[in-house]
Amino acid sequence: MSALERVARAAQIVMGVVMLVAGATKVWDPVLFYWESMPFAQMLGAEPQSWSQVGRLAQFISPLECALGFALVLNWRSRLTFPVATALMTFFTAITAYAWNLGVTSNCGCFGALVDRSPAAATIEDAIMLVALVFAWW
């Protein structure tokens, strides 16, 4: 394994651990994640009658993020895992960037109660993680 391959594998493992921790904190406290996701849902135009759908989406994203984290760490089905993980990270980056652009100041909800981050900080960190993920995939 070349040095470049080792760095790519390390980036894959780091991204897997990050996704696993982020997903686990959301699974651990789904109510907190729901309430942290509401400003973002409202920002995207979700009406009160669709808030239950936001809750279902939040319940789906958390286990998906955990599964992707495990898959990245274990290098399991990388042909499927990398595109799905990259799409999810792109979604997270885009929504936090949009919130930053609108001036939203609430916690992004990325890591539940573990870390309190603004959309600005989350956007920058998500962009870095997205680059690491794409590098590992490449």
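The values are calculated or read from the model by the stated rules, or taken from the named source; none is laboratory data. Bear in mind that the values here come from a model prediction, so they are computed numbers and not experimental data. Glycine gets a Cβ as well: all are built from the backbone with ideal geometry, and neighbour counts include every protein chain shown. For the accessible areas, the whole protein counts, side chains as well, though only heavy atoms, and no ligand, DNA or RNA atoms are used. Shrake-Rupley method; radii C 1.70, N 1.55, O 1.52, S 1.80 Å.
Assessment of the range 97-113 against the conditions (open to solvent by 30 Å² or more (accessible area, probe 1.4 Å) and under 13 Å from residue 22 (Cα atoms)) yields at least one matching residue.
Residues of the range 1-31 that are in contact (Cβ under 8 Å) with a residue 60 or more places away in the chain, in contact with a helix residue (DSSP H, G or I) (Cβ under 8 Å, 6 or more places away or on another chain), open to solvent by 50 Å² or more (accessible area, probe 1.4 Å) and more than 23 Å from residue 138 (Cβ to Cβ): 21 alone.
Can you confirm whether the range 74-89 contains a residue that is open to solvent by 70 Å² or more (accessible area, probe 1.4 Å), among the aromatic types (Phe, Trp, Tyr) and more than 21 Å from residue 124 (Cα to Cα)? Checking the range 74-89: at least one residue is open to solvent by 70 Å² or more (accessible area, probe 1.4 Å), among the aromatic types (Phe, Trp, Tyr) and more than 21 Å from residue 124 (Cα to Cα).
When the range 85-96 is filtered for residues that are modelled with pLDDT of 90 or more and touching a helix residue (DSSP H, G or I) at 6+ places or on another chain (Cβ under 6 Å), the ones remaining, listed by number, are 85, 86, 89, 93. The conditions of being in a helix (DSSP H, G or I), free of Cβ contacts under 8 Å to residues at least 12 places away in the same chain and hydrophobic (A, V, I, L, M, F, W, C) are met by residue 80. Among the residues of the range 58-77, those identified as more than 18 Å from residue 18 (Cβ to Cβ), touching a helix residue (DSSP H, G or I) at 6+ places or on another chain (Cβ under 8 Å) and assigned to a helix (DSSP H, G or I) are 58, 59. For beta carbons closer than 8 Å, sequence separation of 6+ or different chains, a first residue in the range 40-56 that is modelled with pLDDT of 80 or more and of a type in the set (Asp, Glu) and a second that is in a helix (DSSP H, G or I) and surrounded by 11 or more Cβ atoms within 10 Å (Cβ to Cβ), there are no qualifying pairs.
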